[in-house]
Amino acid sequence: MKQINLKINGIAINVDEGMTVLEAAKKLNIRIPTLCYHKDLCTAGNCRVCVVEQVGRDRLVASCATPAQEGMEILTNSLQVRNSRKHIIELLLSEHNADCTKCYKNGNCELQNLASEYKITNPDFIDLVPYKNYAYDDLSPSIIKDDSKCIRCQRCVRTCAEIQHLSALCVAHKGHEMKISTFAEKPLQEVVCATCGQCVIHCPTGALTEKNYIEEVWDAIADKDKHVVVQTAPAVRVGLGEEFGIEKNDGRVTGQMVAALRRLGFDAVLDTDFTADLTIMEEGTELLTRLKKALVENDKDVQLPLFTSCSPGWIKFVEHTHPDRLKNLSTCKSPQQMFGALAKTYYAEKRKINPENIVSVSIMPCTAKKFEADRPEMRDSGYKDVDYVLTTRELAIMIKQAGIEFSRLDEEKYDRLMGESTGAAVIFGATGGVMEAALRTAYELVTGREIPFEHLDITPVRGFDGIKEASLTIEDALPDWDFLNGVTLNCAIAHGLDNAHHLLKRMDSGEASYHFVEFMACPGGCLGGGGQPIPTSPEIRKKRMKAIYAEDGDMPLRKSHENPEIIDVYREFLGEPLSEKSHHLLHTHYKARERY
Amino acid sequence: MGTKHLRRMDLIFTRDDDYKNLVKDILSRKNEDIINEMMESGLKGRGGAGFPTGLKWKLTSEKPEATKYIICNADEGEPGTFKDREILTQVPYKVLTGMAACAKVIGAKEGFIYLRGEYHFLVDLLSKAIDEFHQICKVNSFDFNVYIFLGSGAYICGEESALMESMEGKRGEPRNKPPFPTDLGYLNKPTVVNNVETLAHAFTILKLGAKDFHDLGVQDSHGSKLFSVSGDTPIPGIYELELGMSVQDFADDFGDGDCKAVQVGGASGFLVPRKRFKETSIGYQGKLKGISLPTGGSMMLFNSSRSMYNVLSNYLDFFQEESCGQCTPCRVGCQQLVKGIEQVKRGEKPAAYLDVLLKLTDTMKVTAKCGLGQSVANSFQSIVENFKEEMIY
Ligand SMILES: Cc1cc2nc3c(=O)[nH]c(=O)nc-3n(C[C@H](O)[C@H](O)[C@H](O)COP(=O)(O)O)c2cc1C
Ligand code: SF4
Ligand code: SF4
Ligand code: SF4
Ligand code: SF4
Ligand code: FES
C-alpha cells in the first residue's frame with residue numbers, strides 16, 4: 001500500500017494511504033477529541049470538535065474526515081485549535097440541558113468528558129435551552145429519547161440506517177430547528193423501531209438511553225412476600241466485567257456475577273442458558289419436523305427455511321418489514337421468555353411457591369427484550385412471564401449502588417433448578433452460536449454420532465462476517481431419520497439487520513436458498529447487543545466473542561441435549577419437545593406491524 | 001446617477017440565432033483546445049467559490065471513470081437574486097451549449113439542471129429548449145442528454161455537495177471535502193457543477209475567443225458579471241457589468257445620492273461602508289486590493305435611513321433558518337449571534353459582548369463544514385465593525 005509521510009505536532013510519521021489525520025494522530029498516541037465519529041459508522045464530520053490546524057491553510061480541517069496527505073503538517077493543539085474547540089464545546093453545551101447530576105449518563109458521557117477536559121466553567125454563550133421546545137419520548141418500553149440531551153451528531157441516525165437498515169430515526173427540519181426525529185415525529189413506539197438499542201450504545205450523550213427498571217427491581221427485592229428470581233443471558237457474563245475494568249480471563253465474570261446477584265438479594269440466581277438449551281431442543285425438533293414434512297410428506301404449506309426467533313429485535317424487524325416471512329419464523333419463544341413461562345409454572349410447582357408471588361427478572365444484553373417481555377402474548381404462565389428486564393448496564397448500576405466491590409468477589413455457582421447449562425447455550429451470545437448449538441444437537445439426534453468437528457467447534461459458522469454460510473450432508477442417519485440420508489442441509493447466518501435485509505433479499509430473489517437461517521439483530525449477535533456496556537467497537541466485540549467461545553470450551557457439557565436439568569424438565573413437566581405443554585408455554589406467534 | 005462610470009455589457013442576454021453552428025463547431029474542436037480557451041479566458045465560477053472553470057473541466061477530464069456528469073446549478077437561493085432565472089428564460093440555449101462543451105471535454109453523457117423548486121414555472125420552457133437541443137446533439141452525433149431536477153427549496157441545496165445529496169434522494173446536507181465533486185460527485189462519479197451564468201459565459205468565450213473575455217476586467221477578475229441591484233436605488237434590476245469596478249463608481253451610478261453602505265454578495269457577502277467605497281473593488285480576491293464576490297452577485301444599497309442593526313438581524317435570521325443544521329459552529333453559532341445582538345441591543349448584555357461574538361464568528365469561519373457557515377462572518381464582521389454604534393444604541 002502507498003505510504004504517506006506527514007508531520008503531526010512536528011513528529012514525522014508515515015501511514016497507509018487512505019488513513020485519516022485522526023487515525024494517524026492516534027498512531028502517535030495523540031488523542032484528538034471526537035463526538036460524531038464512531039468506528040462502526042461512516043464519517044459524518046458534523047460536530048467539528050476534532051478540528052486541527054493544517055499548516056498553510058486558512059481554515060481548520062476536521063481530522064476525522066480528512067485523509068492524510070503527503071507533506072501535510074498538522075497541529076492538534078495550537079492556540080487556534082484550542083480556542084476553536086473550546087468554542088465548539090461551549091456551543092454544544094449552550095443548546096444542551098446540561099444538568100449532569102440528574103442525568104442517566106452522568107459518568108459515562110462523551111460530552112461530559114469533553115466539558116470536563118476543557119473546563120467550561122464560565123461559558124460565554126447564552127443558554128438556548130429555554131428557547132427550545134425539546135421533546136421527551138418515554139413511550140417505548142425499551143428506549144427513552146430526550147432531545148434536550150441531543151448534540152445532533154447523527155450517530156443514532158447512521159446506526160439505524162447503516163447497521164439496522166431501518167432508519168427509524170432520521171433528521172428533521174433544518175437550521176436552528178434541526179433535530180433527530182422519526183417518521184412524522186411519531187413516538188419511537190409507533191415507528192419501525194426494532195427496539196434493538198443500537199442507537200443507544202452509539203449515542204455519545206444521554207439523549208438515547210434504555211428505559212431502566214432499577215427501582216422496580218429494588219422494590220421487588222425488598223418485598224418480603226416476593227420470591228424474586230433472576231436469569232442471566234449468555235452475553236452478559238462477557239460484557240459486565242467492562243463496567244468494572246476487569247480484563248483478566250478475557251473479561252469473563254460468570255462466577256462473580258452470580259455472587260453479586262446473590263448479594264443484591266435475589267432469591268434465586270438462575271440462568272437463561274438453561275432455556276437456551278431448551279430452545280435448542282424445541283427449535284431443533286421444529287426444524288427436523290419441518291424438514292420431514294417438506295421432504296417426506298411433500299407438504300406445500302410447510303415453510304422453509306426455518307428462521308431462528310431468539311432475537312426480539314429481529315422479530316420486530318420481520319413484523320414491520322417482511323410480514324410475508326412471518327411463517328418462516330420458528331414459533332419458539334426466546335430463551336428469556338421460555339424461562340419466564342417456566343419460572344411461574346415448573347419452577348413454582350417444584351419450589352412450591354405461589355406463582356403470584358414470584359417476580360421474574362432478567363438480565364439481558366438487549367433492550368429489545370424489554371419490549372418482548374411486554375408483548376401481550378408473553379403471559380402464558382397466567383402471569384406476566386418476565387416482570388422486569390434489566391440490561392447489563394442496569395445490573396452494573398445496581399452492583400455499584402449496593403457497594404459491592406465486584407472485582408474482589410469470589411466466584412459462585414448458579415442455583416439448581418433452571419441454573420444448569422451447557423457450552424451450547426453460552427454461544428447463543430455470539431453470531432452463529434444458535435446455529436452451532438442446533439447443529440451439535442440435531443446432527444447427533446439424526447445420526448447418533450457427534451458432529452464431526454474437532455472439539456465440537458464448528459468454526460465455519462463463527463466470526464464476524466456479515467453473512468456466513470455452511471452446509472452439512474447427512475449420511476448414515478438413524479432409521480427414524482433415514483429420509484435425510486444424502487440430504488445437504490444449507491444454513492446461513494446474518495447479524496445486524498442490514499445484513500439480515502441483504503440475506504432476505506438474496507432469498508427473495510432465489511439467488512440463495514437454505515433450510516435453516518440464524519438471524520441476530522445486533523452486530524456480533526447478543527454480545528454486541530444494545531444493552532451491553534458502552535462504548536462498543538469492533539475490537540470490544542471481538543474480545544467478547546473470544547470470551548464466549550472460551551466459556552463454551554471450559555464447560556464440561558457442550559451439547560444441549562446432555563443438560564441433566566433439560567432431561568429433567570422434559571421428564572417431569574413438559575413431556576417431550578413440541579408437546580402440547582411445550583406448545584402452550586414455550587411457543588408463540590407473530591403479527592404484521594405497520595411500516596412507518 | 002445613470003451610467004456615468006461603469007461600462008454596461010450585453011454579452012449574456014444578446015440573442016444568438018446562430019448557436020446551432022456554434023454547437024457544431026465546438027463539437028468538432030479538440031478537447032484540449034476547448035480547455036485551453038477556457039483557461040486562457042480567466043473565467044471563474046459565478047456561483048460562489050470563484051473556482052477557475054477551465055481548471056475544473058480539465059481536472060474532471062483527466063479522471064479515468066467511464067461515467068461522469070455535468071450539473072448546472074440553477075438553485076439560485078440567495079435572497080434578491082434572480083439573474084440565473086433570467087438567463088434560463090431568455091437564453092437557455094447558451095447554458096445548454098456550455099453544458100455540452102463541458103460534457104464533451106470531460107466525457108459526460110448525461111447532464112442535469114438542478115432547478116430551484118420555486119422556478120417550476122420554467123420547466124415547460126426549459127423542456128422545450130432541451131428538446132430542441134437534443135435534436136442538435138443528435139444531428140451532430142453527440143450522445144448527450146440533459147434532464148431537469150427540481151429542487152426542494154432549501155437554500156443549502158445550492159451548495160454543490162448538498163445539491164448532489166439531494167439529487168441522490170438524501171437530505172440536503174453538505175459533504176466532507178475532500179473528496180471534491182470532480183473526484184467523487186453525483187453517484188460517486190466525477191462531476192462538474194457549474195453555475196448557470198458560468199455556463200452562459202462559456203458560450204461567449206467559445207464563440208468570441210478567450211481574449212475578448214480576458215480583456216475585460218482586471219487581474220484575477222476577468223470578464224463581465226451579472227449583478228442583481230436592489231435596495232435604495234432608483235434603478236433596481238439586473239445589470240451586466242465589467243468586473244473590477246470600485247464600489248464608489250457603483251454607488252455613484254446606482255445609488256440615490258445618500259448611499260451609506262453597499263452589501264456586496266448578499267447575506268454571505270461583505271458590507272462596504274462609504275469610507276471604503278474608493279479603495280474597494282468588486283471582483284475575486286487576488287492581488288488586487290479588493291474583496292471577493294462570495295455569492296451570486298447581489299448588490300444591495302443602503303441609504304442613511306437604514307438601520308444596519310436590522311440589516312444584520314435579517315441576515316442572521318436567514319442563516320439560522322437556512323443552515324442545514326448539521327454542524328455545530330453554524331447551527332449553534334447562528335443562534336448565538338441572533339440572540340447575542342438582540343441582547344446587546346436591549347442592553348441585557350454589555351457592548352463588549354460584541355467582541356465575544358466577533359471571536360465566535362472567527363471560529364465559525366475556520367471550523368464550519370461548508371461555505372454557508374464559513375461566510376456568516378463576512379457580513380457579521382463587516383457590519384459590526386463598521387456600524388458598532390448602531391448595534392448598541
Ligand atoms: C450555502 C451555499 C449556497 C450556494 N448556492 C448556490 C446557488 O444557488 N447557485 C450556484 O450556482 N452556486 C451556489 N453555491 C456555490 C456552489 O457550491 C458551487 O460552488 C457552484 O455551483 C460552482 O459553480 P461555479 O464554479 O460555476 O461557480 C452555493 C454555495 C453555498 C456554500
Ligand atoms: S448528556 Fe452528558 S453532558 Fe448532558 S447532562 Fe447528561 S451527562 Fe451531562
Ligand atoms: S440522539 Fe445521541 S446519537 Fe443521536 S444525534 Fe443525538 S446525541 Fe447524537
Ligand atoms: S432501537 Fe434500533 S431500530 Fe430503534 S431507532 Fe434505535 S437503532 Fe433504530
Ligand atoms: S456550515 Fe451550516 S450549512 Fe454548512 S454544513 Fe454546517 S450547518 Fe450545514
Ligand atoms: S469527530 Fe470529526 S467532525 Fe465530529
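Assorted remarks:
- Nearest 10 degrees, 0 to 90: helix A:79-94 Cα axis against chain A principal axis: 60
- Shielding of B:375-383 by partner chains, average beta-carbon count, 10 Å: 0
- FRET efficiency, A:Asn357 to A:Asp508 (Cβ-Cβ, R0 45 Å, nearest 0.05): 0.40
- Axis angle, to the nearest 10 degrees, between helix A:538-554 and the longest C-alpha principal axis of chain A: 30 degrees.
- A straight line joining the Cα centroids of the stretch A:493-539 and the stretch A:123-200 runs 24 Å.
- Per-pair calculated FRET efficiency, R0 = 60 Å: A:Ile397 and B:Glu389 via Cβ, rounded to 0.05: 0.60
- At least 20 Å along the helix axis (C-alpha) and Kyte average at least 1.6, DSSP helices within chain B: none
- When the convex hull of its Cα atoms is projected in every direction, mean area for the stretch A:70-155 (nm²): 8.2
- The mean of 1/r over all pairs of different alpha-carbon atoms in the stretch B:23-161, once inverted, gives a Kirkwood hydrodynamic radius of 15.6 Å.
- Placed amide H near B:Val193: partners under 5 Å, 5+ positions off or other chain: B:Ile71
- Listed by chain and number, the lysines whose alpha-carbon sits under 17 Å from that of B:Lys339, ignoring those within fewer than 8 places in the same chain, are A:Lys132, B:Lys349, B:Lys359, B:Lys388.
- Overall Cα dimensions of the stretch A:237-396 - principal axes, largest extent first, Å: 55, 40, 28
- Using a simple spin-label model with pseudo-atoms 7 Å out from Cα toward Cβ, A:Gln303 and B:Arg7 lie 7.8 nm apart.
- Rounded to the nearest 20, the size of the Cβ-charge dipole of the stretch B:217-303 about its Cα centre is 400 debye, with Lys and Arg at +1 and Asp and Glu at -1.
- Amide hydrogen neighbours beyond the local backbone of B:Val272, cut-off 5 Å, H modeled: B:Val262, B:Gln263, B:Val264
- Range of Cα positions in the stretch A:1-50 per principal axis (Å), largest first: 27, 24, 14
- Rg followed by Dmax, in Å, when the stretch A:409-568 is reduced to its Cα trace: 16.9, 54
- Computed helical MRE - 222 nm, chain A, DSSP H runs ≥ 4 contributing -39500 (n - 2.57), nearest 500: -9000 deg cm²/dmol
- Per-residue mean of foreign Cβ neighbours for B:171-178 is 5 (Cβ atoms of other chains, 10 Å radius).
- Within chain A, longest stretch free of exposed GluC sites (Glu not before Pro) [DSSP loop, at most 15 other beta carbons within 10 Å]: A:71-246
- Rounded to the nearest angstrom and listed largest first, the equivalent-ellipsoid semi-axes of the stretch B:1-47 from its Cα gyration tensor are 29, 17, 8.
- Neighbour-count ranking [beta-carbon atoms within 10 angstrom, fewest first] of A:Thr275, A:Thr101: A:Thr101, A:Thr275
- Set of lysines near A:Lys352 by C-alpha distance (under 17 Å), chain-local residues within fewer than 8 positions excluded: A:Lys224, A:Lys226, A:Lys344
- Long-range tail of P(r) for chain A (Cα pairs > 44 Å, %): 22
- Distance from the stretch B:7-83 to the stretch B:192-221 (C-alpha centre basis), Å: 7
- Per-selection Kirkwood Rh - the stretch B:183-231 (Cα, Å, 1 d.p.): 13.0
- Across B:Lys20/B:Lys83; A:Lys149/A:Lys505; A:Lys179/B:Lys109; A:Lys174/A:Lys468, pairs whose alpha-carbon gap is larger than 31 Å: A:Lys149/A:Lys505; A:Lys179/B:Lys109; A:Lys174/A:Lys468
- Cα-only Debye scattering, the stretch B:150-191: base-10 log of I(q)/I(0) at q = 0.30, 0.35 Å⁻¹: -1.03, -1.25
- Axis of helix A:272-295 versus longest Cα principal axis of chain A: the two differ by about 60°, to the nearest ten degrees.
- Distribution of pairwise C-alpha distances over chain B, 10 Å bins, in %: 5, 23, 32, 25, 11, 3, 0
- For the stretch B:249-393, the Kirkwood radius over C-alpha pairs fed into Stokes-Einstein at 20 °C and 1.002 mPa s yields D = 138 µm² per second.
- Over all orientations, the stretch B:85-217 has a Cα convex hull whose mean projected area works out to 8.9 square nanometres.
- Cα convex hull, the stretch B:22-82: 128 Å³ per residue, rounded to a whole number.
- All-pairs Cα distance distribution in the stretch B:308-392, expressed in whole percent, bin size 10 Å: 20, 57, 22, 1
- Centre separation in Å (Cα based) which lies between the stretch B:139-173 and the stretch A:552-596: 56
- The alpha carbons of the stretch B:217-303 give a radius of gyration and a Dmax of 11.5, 33 Å, in that order.
- All Cα pairs of the stretch B:159-283, percent lying beyond 27 Å: 40
Read-outs throughout are calculated quantities, based only on the coordinates presented, and are distinct from any laboratory measurement. Small disclaimer: the values here were computed from a predicted structure and weren't measured. Counting neighbours? That spans all protein chains shown, and the Cβs are built from the backbone with ideal geometry, glycine included.
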